[in-house]
Structures are given as structure tokens and as C-alpha cells.
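S.K.: Structure incoming, see below.
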Amino acid sequence: MQKTNVAAERVLPFRTGTHTMQSVNLSTNYFELFDLPVKFELDKVVLTERYRALQHVVHPDRFASATDREKRLSVQQSAYINEALQTLKHPLKRAKYMLELKGVDMSSETSIQMDQDFLMEQMELREEISASKSSKNPLGSLHAVNSKIDQSIGKLLENLNLLLASNEEEKLKKASDSVDDCSFLRRYRKKSRF
């Protein structure tokens, strides 16, 4: 645990002995903030340890008797660390963030163009979900549909790992499409619940 506190202090300029806070750069990318390599697969245990170490250093409770400026900086930095954790912890958010770091604009909803095979698969899923709800064994049918969706999501996430390791424009475009496809499938996964 001592090692992660050293990492926290290296990333954030705080004097922890006196609880005095200096200005903090809120534009540090999330991977740098947690001292992690910029890659899709990451160790969630290490992420959690580094998160706790950083929060130990900046959490507003540590600055209850500090100046207003220090309290404000503590709240801002703590919120930034929370946002970074939520982004890196979730695969789709992490993929979108990595694409943004590589210069791919993920905010444009109009850029979503799904290939015909994927669209056909989605229409089939919609029909399967609808049919399963009125079948003799709706729970079993929905479970089968959910398994199919989960397998598709798993394949997309595996593919994202490979695509995001590249800086080639074509592979990044495919990664962006995979993120969109995965988001679409997750929405279907939610619809397939009772």
C-alpha cells in the first residue's frame, strides 16, 4: 500500500504530512492519473488500489479544517478522480475515452453507420426478444437470447482490445464502430429483461 501512496503523491502535488494542498492539474489523462499504461485491458485490482491511494491523499474529509481554497481544490480533484475511475472501470467508457485520446470524435451520433449484417442481426434479436416474451418458457427463451447477446458483446470487446492497440486510422474507425455496436447490443440486453 505504501507504494501506491508514493504513486499518488507523484501524480498529485500534495504535502500529505501537513494536509496542505497545492494547485492540481485537472487535465491529466485518466491513465496517467492512475499511473497506468494506455491500453484497453487493465488490471482492475491495481486500478482500485490506485484509486484508493489517490482518494486517501485528496479526499475532502482530510481538508475539513483547511482553507476554503484547499477545500474547493480537494472537492474538484476528488470528483475528477471519481470520474476517471468510472471511465476506466467500464469497458465501453474506457474504449470511448481511449478513442478520444487518439483523436476520434465519439460524440457525433450522426456518424453511426452500421453494416448490413449487423443490422440484420439486430432485427433478428428484436424478433427473438419479442417472441420469447410470449413463448411457453419465456424465462428460458430470454436466457437464450441474453446468452447470444453476451457472446456478441464478448467478441466485440475482444476485438476492441486488438483495434485499440493501433493508431491506424482504419483500425480506429473499426474500433469506433465496435463501440457503437456494443452499445447497441447492451441496449437490447436491457430490453430483454422482464
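S.K.: Out of Leu172, Leu156, I need the residue that is within 20 Å of Asp105 (Cα to Cα) and in contact with a Cys (Cβ under 8 Å, 6 or more places away or on another chain). Which one?
M.R.: Going through Leu172, Leu156 in turn, just one is within 20 Å of Asp105 (Cα to Cα) and in contact with a Cys (Cβ under 8 Å, 6 or more places away or on another chain): Leu156.
S.K.: Let me ask you something else. Checking Arg126 against (1) at pLDDT below 85; (2) not in a helix (DSSP H, G or I), which single condition isn't satisfied?
M.R.: With respect to (1) at pLDDT below 85; (2) not in a helix (DSSP H, G or I), Arg126 is out only on (2).
S.K.: Separate question: Of the conditions (1) within 30 Å of Leu36 (Cβ to Cβ); (2) β-branched (Val, Ile, Thr); (3) in contact (Cβ under 8 Å) with a residue 40 or more places away in the chain, Val75 clears all except one; give me its number.
M.R.: Of the numbered conditions (1) within 30 Å of Leu36 (Cβ to Cβ); (2) β-branched (Val, Ile, Thr); (3) in contact (Cβ under 8 Å) with a residue 40 or more places away in the chain, the odd one out for Val75 is (3).
S.K.: Let me ask something additional. Since Ser78 meets every condition but one in (1) of a type in the set (Gly, Ala, Ser); (2) in a helix (DSSP H, G or I); (3) farther than 24 Å from Asp43 by Cβ; (4) over 14 Å from the mean Cα position of the chain (by Cα), which condition does it not meet?
M.R.: Going through the list (1) of a type in the set (Gly, Ala, Ser); (2) in a helix (DSSP H, G or I); (3) farther than 24 Å from Asp43 by Cβ; (4) over 14 Å from the mean Cα position of the chain (by Cα), Ser78 breaks only (3).
S.K.: Among the residues of segment 101-120, is there at least one that is assigned to a helix (DSSP H, G or I), within 16 Å of the chain's Cα centre (by Cα) and within 26 Å of Cys182 (Cβ to Cβ)?
M.R.: yes
S.K.: A further question follows. Looking only at segment 157-174, count how many residues are within 17 Å of Asp117 (Cα to Cα) and open to solvent by less than 30 Å² (accessible area, probe 1.4 Å).
M.R.: Residues in segment 157-174 being within 17 Å of Asp117 (Cα to Cα) and open to solvent by less than 30 Å² (accessible area, probe 1.4 Å): 0 in total.
S.K.: Please name all residue pairs, on different chains or six or more residues apart, with Cβ atoms under 6 Å, provided the first residue is in segment 24-50 and is farther than 28 Å from Lys71 by Cβ and the second residue is aromatic (Phe, Trp, Tyr) and open to solvent by less than 60 Å² (accessible area, probe 1.4 Å).
M.R.: Val38/Phe31
Listed here are the residues, each with its yes/no results for (1) open to solvent by less than 30 Å² (accessible area, probe 1.4 Å); (2) within 30 Å of Ala175 (Cα to Cα); (3) touching a Gly at 6+ places or on another chain (Cβ under 9 Å).
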{"site": "Pro37", "(1), (2), (3)": "no, yes, no"}
{"site": "Asp43", "(1), (2), (3)": "no, yes, no"}
{"site": "Val46", "(1), (2), (3)": "no, yes, no"}
{"site": "Gln55", "(1), (2), (3)": "yes, no, no"}
{"site": "Asp68", "(1), (2), (3)": "no, no, no"}
{"site": "Ala84", "(1), (2), (3)": "yes, yes, no"}
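The values are calculated or read from the model by the stated rules, or taken from the named source; none is laboratory data. These numbers were taken from a predicted model, which means no experiment stands behind them. Positions of Cβ are backbone-derived with ideal geometry, glycine not excepted, and every protein chain shown enters the neighbour counts. The accessibility values were calculated without ligands, DNA or RNA, using every heavy atom of the protein model including side chains. Shrake-Rupley method; radii C 1.70, N 1.55, O 1.52, S 1.80 Å.
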